[in-house]
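Contents: one structure, followed by commentary.
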Amino acid sequence: MSRAPVDPHWPIRYSPDVVQQVLKDCLSGKLLSRSEAIVLCSTDGDNLQALIAAAAELRDRHKGRVVTFSPKVFVPLTNLCRDFCGYCTFRKAPGEPGAKTMTLEEVLRVVGRGKLLGCTEVLFSLGDKPEAIYPEMKQFLTERGHQRTLDYLHEACRAVVEETGLLPHSNPGIMGKGDLRRLREVNASMGLMLESISERLLLPGGAHDDAPDKKPALRLRTMDEAGKLRIPFTTGILIGIGESWAERVESLFAIRDLHQRYGHIQEVIIQNFRAKPTIPMRGHPDATRGDMVKTIALARLIFGGAMNLQAPPNLTPDGYELYLEAGLNDWGGVSPLTPDFINPEAPWPALQRLEEKSAEAGFQLKARLPVYPEFIVQADKFLSSSMRSHIERLCDADGYVKHGGPLRFLPSLQYSNTPNL
């Protein structure tokens, strides 16, 4: 794969007339090219406003004025991990305060509570291969008849499906074909953040220093295997961790290349880095809201109007609705029960507030499943036979959550008196 220069200050600028023609071409159905995207990174002033407006118009043409979210229960199956990323507060070592591997009983207890609140997604997040470096994790697994964390994850997903009927969405890190195929049978969709294609971030002092599972080639290989298996897949980039604008664009194009090959990428997340006092990168500046807006707009033109673009609202608590102006159409998973264990300092917005903010921006908020309606329509191609009936039971005729999920409990909405699922 070709590599763009790493200099974030790209020296070439388009004239306003050329920018307008590029944006007109995108609105006519042409996807942004690499060279165009990299040059548009330097837009400002009127050119930047034109870029943002074009991205929003393209979204409106394909998605309308609907913004979605997935009502979820966040299950941190284990926060033990063999990677040491410079921005992570999730991972723990055995004996460290907060270190935890959940039992199946604990998983089912919290999932059951989420079901009562109208949740439909069970997000499984966990550290990557902790048994490779921690004897304590090996012992935990052995006591339960497993050798690997991925085997335990499969058992947890199966238990959730069989005992609650909710839909797992797993983010367990690097996986091979066999594990992907096996987990596909007990997951509605799966995910793995690319984060960045930049190999510079693996160097000493970089965000991915001492994180063997963050090698871009390994992550792209997992996503490629998921495509071959036709797994509805979530991925995205983490911006502000030391990458250049050119590398940011290259990361988005790496995802686009995979999607053009297999058609399995259901959503692309644009997530902003936030510094925390306990991480090695605590002195690193946060990704700005302006960088987020420009990146979202570029992503919309890179992927076109059909792709679902997501940004987490809890990481921009003041002003996340501005992302809708740049072409966003999804808020990601939002839980009425569990915190964001990856960013525990950033609470989810209350659903009432999320609905109000979306409405003020001119959008209707709708609850979706962890697999998007576009993929439910193509069930024969993208959904395993073992999961299809569970998905169909929870969705309405348009592929959204039946009765609005937890939105039905909001007094201002039409679902308020709808019976429980």
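Below, the figures for the structure above:
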item	result
Solvent-accessible area, 1.4 Å probe, carbon plus sulfur percent, for the chain	52
Rounded to whole Å, sorted largest first: equivalent-ellipsoid semi-axes of region 128-171, Cα gyration tensor	23, 11, 6
Among P232, T222, V249 the positive-end extreme of the charge dipole of region 208-249 (Cβ point charges)	P232
Lys, Arg +1 and Asp, Glu -1 on Cβ, resulting dipole of the chain about Cα centre, debye, nearest 20	700
Coarse-grained scattering of region 119-203 at q = 0.13, 0.23, 0.24 Å⁻¹, given as base-10 log I(q)/I(0) from a Debye sum over alpha-carbon atoms	-0.48, -1.14, -1.19
Qualifying trypsin sites (Lys or Arg not before Pro) for region 254-297 [loop in DSSP, other Cβ within 10 Å: at most 15]	R282
Rounded, prolate or oblate (a/c below 1.5 giving rounded, otherwise prolate when a/b exceeds b/c) for the chain by Cα gyration tensor	oblate
Cysteines in the chain lacking a second Cys C-beta under 4.7 Å	C26, C41, C81, C119, C157, C395
Amide proton proximity set for L80, modelled H, under 5 Å, gap of 5+	K92, K100, G127
Accessible area per residue in Å² at 1.4 Å probe, computed on region 52-114	37
Inter-probe distance in nm under a simple model that places probes 7 Å from Cα toward Cβ, at K177 and E155	2.8
Net charge dipole size for region 265-421 [Lys, Arg +1 and Asp, Glu -1 on Cβ; Debye, nearest 20]	260
Point-charge dipole on Cβ atoms (K/R +1, D/E -1) for region 134-186, about Cα centre, debye to 20	280
Among N314, T278, A367 the positive-end extreme of the charge dipole of region 267-391 (Cβ point charges)	T278
FRET efficiency, L104 to M193 (Cβ-Cβ, R0 30 Å, nearest 0.05)	0.70
Net length gained if the chain between T142 and K381 were fully extended (0.36 nm per residue, minus Cα distance)	82.4 nm
Whether region 1-140 is rounded, prolate or oblate, judged on the alpha carbon gyration tensor where a/c under 1.5 counts as rounded	oblate
Whether region 51-203 is rounded, prolate or oblate, judged on the alpha carbon gyration tensor where a/c under 1.5 counts as rounded	oblate
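The values are calculated or read from the model by the stated rules, or taken from the named source; none is laboratory data. All of these numbers come straight from a predicted model, not from anything done at the bench. Note: ideal-geometry Cβ built from the backbone for every residue, glycine included; neighbour counts use all protein chains shown. Protein only, heavy atoms only, side chains kept; ligands, DNA and RNA dropped before computing areas. Shrake-Rupley method; radii C 1.70, N 1.55, O 1.52, S 1.80 Å.
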